Amino acid sequence: MTPLEWNEGLSVRDFHIDEEHRAAVEDINAITHSLDYEPDSLLSNFDRFVDHCREHFRNEERLMEEHGFPQFDVHQSEHHRVLAEMDDIRRRLLADGPGPLEFYFRIGLKSWFLSHVRSMDAAGLEHVNRVRGRRYDAE
Ligand SMILES: [Fe+2]
Ligand SMILES: [Fe+2]
């Protein structure tokens, strides 16, 4: 499968969040690379992705909370749901190896990432940027 590629259509108009999403694209591609060529590095690449997600979700949540995003709770619970799912995937990876999880690593993870960025993150950051604009105008 072709690697995931960053494109401007994924931008949420926030430099730091975009940078973290670019890093997530790299992490996801590293996971695919492990599956294809270096199975021994799969666990460490997955762990790195999960660590980055944990930090990234906190950063997004802080921004949305500071800017009074009305759907903050929904977005935060989706982050928590995904982290719990990743914990479960890790347990299954250790128990049964990557075979039964190929679909998750090759397709599920990518499609979750793309749809989350384009829907929930885009909506959250659109709100953040609108509030930023109003605060700027008020100065
Ligand atoms: Fe995000
Ligand atoms: Fe998010």
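Read-outs: derived from the displayed coordinates by stated rules, not from any lab. Treat the numbers as computed from the prediction; the structure is a model and nothing was measured.
Here the scattering of segment 1-58 is modelled by Debye summation over its C-alpha atoms, one equal scatterer each and no solvent; at q = 0.28, 0.29 Å⁻¹ the log10 of I(q)/I(0) is -1.11, -1.14. If you wrap the Cα atoms of the chain in a convex hull and average its projected area over all directions, you get 8.4 nm².
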